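Structure record follows, encoded as structure tokens.
Please treat every number below as a calculation from the coordinates, not as lab data. Everything quoted here is computed from the prediction, not taken from an experiment. Neighbour counts are summed over all protein chains in view; Cβ atoms, including those assigned to glycine, are modelled from backbone coordinates with ideal geometry.
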Amino acid sequence: WAKLQGQDRGWTCFTENNIFGGVSAFKNNYVIANAWYATHLWQHYRYTLDREYLKRVFPAMLSASQFWMDRLKLASDGTYECPNEWSPEHVAHAQQLVYDLFSNTLAAIDVLGDDAEVSATDLGILRDRFAKLDKGLATENYTGYFGTAIPTGSKILREWKYSSYTRGENGHRHMSHLMCLYPFSQIEPGTELFDAAVNSMKLRGDGATGWSMGWKMNLWARALDGDHARKILNNALAHSNGGAGNFGACAGIAEMIMQSNSGLIRILPALPSAWTEGHMHGMKAVGDVTVSIDWKNGEATRVTLTNNQGQTMRVHYKNLSNAKVYVDNVLTEVAVKDNVATLTGANGSVVVLDF
């Protein structure tokens, strides 16, 4: 399918495809799907730290990168851009996907070292394209064209780089230019881009069908707004929607209780106020850490982290300085700064945060 795009290297696929190599004619210019697929390969490694697995899947990541290394065009502003995108929202969308693909591929090369079979020429091109890539992360001032969901003049994420007259449809279920927030980790709380993304979500509204309900639920969880995420969950589970949202809803529930996408393990980052008491046991965090959380009256009472491979763990919780910390049953003094603690231990060490 790369040759259908006039290219000699790499692989891609379109919006609708199957394991037998078949594709439909629907939106067959949506060639960014390869980058989206390849992100799952890297994410599997991040959660398992299985180097042999990464070695096996790396050729697919590199080949997808080669497709985009050859396809990108150098724009007049000195950045590399994805050509021939077919929808305003997909311009920022494609740039964010390629950024994640290149970032992950370079990180995989660092992990694999000599086991990463990549030529010096390709590595140089990849680093150059990544350094000069338009990230699809730009803001504009809201002028009121979609109503009063946010004040006029508020920062929102741009969906189209060059024209202020092309943008997503008001209230549309698609949030394609917000890949940067979920499923990726390209913007962090406390930044202008984060606030702009939240404003963009407010403008889109809560209307959705099927999978987009799952997406919006995860987005609001990443926005650290548990009550809004729960509202979308309730919409998804309404009888009229037939329980739409499926696995996206499961992921959204998980994101409300624990997040580790940035490498920082966030405890109860978006807990809905209605979920006053509960527990989650045995969820995997990035870095092969197994996490269990118990809470009551909306506050964590006990957090257990099993460090399966001796990795350094960074943990965030608003009341972390109030916890007694036990490492393998030994009470341990741990420094807490800005509600973050760095915890270390050997393979299989168990850290308990007792509140």
Practice problem: In whole Hz, with x marking every Gly and Pro, tabulate ³J(HN,Hα) for the stretch 33-40 from phi via Karplus 6.51 cos²θ - 1.76 cosθ + 1.60, θ = phi - 60°. | Solution: 4, 4, 5, 4, 4, 5, 4, 5
Practice problem: At most 15 other Cβ atoms within 10 Å and a DSSP loop assignment: could you name the GluC sites (Glu not before Pro) in the stretch 6-90 that fit? | Solution: GLU16
Quiz item: Could you give the length gained on full extension between ASN234 and SER321, defined as 0.36 nm per residue of separation minus the Cα-Cα distance, in nm?
Solution: 27.9 nm
Self-check item: Gain in span if fully extended, SER119 to ASN308, counting 0.36 nm per residue against the direct Cα distance
Solution: 64.6 nm
Quiz item: Expressed in nm to one decimal, what extension gain is obtained for the pair ALA149 and THR276 from 0.36 nm per residue of sequence separation less their Cα-Cα distance?
Solution: 42.8 nm
Quiz item: Near the amide H of SER349, under 5 Å away, which other amide H atoms are found, from residues 5 or more places off or on another chain, if H is placed in the peptide plane?
Solution: ASN307, GLY310
Quiz item: Where Rh is the Kirkwood radius over the Cα pairs of the chain, the temperature 10 °C and the viscosity 1.306 mPa s, what D in µm²/s does Stokes-Einstein return?
Solution: 72
Quiz prompt | Approximate spin-label separation SER24-ASP110, in nm, with each point projected 7 Å along Cα-to-Cβ | solution = 4.0
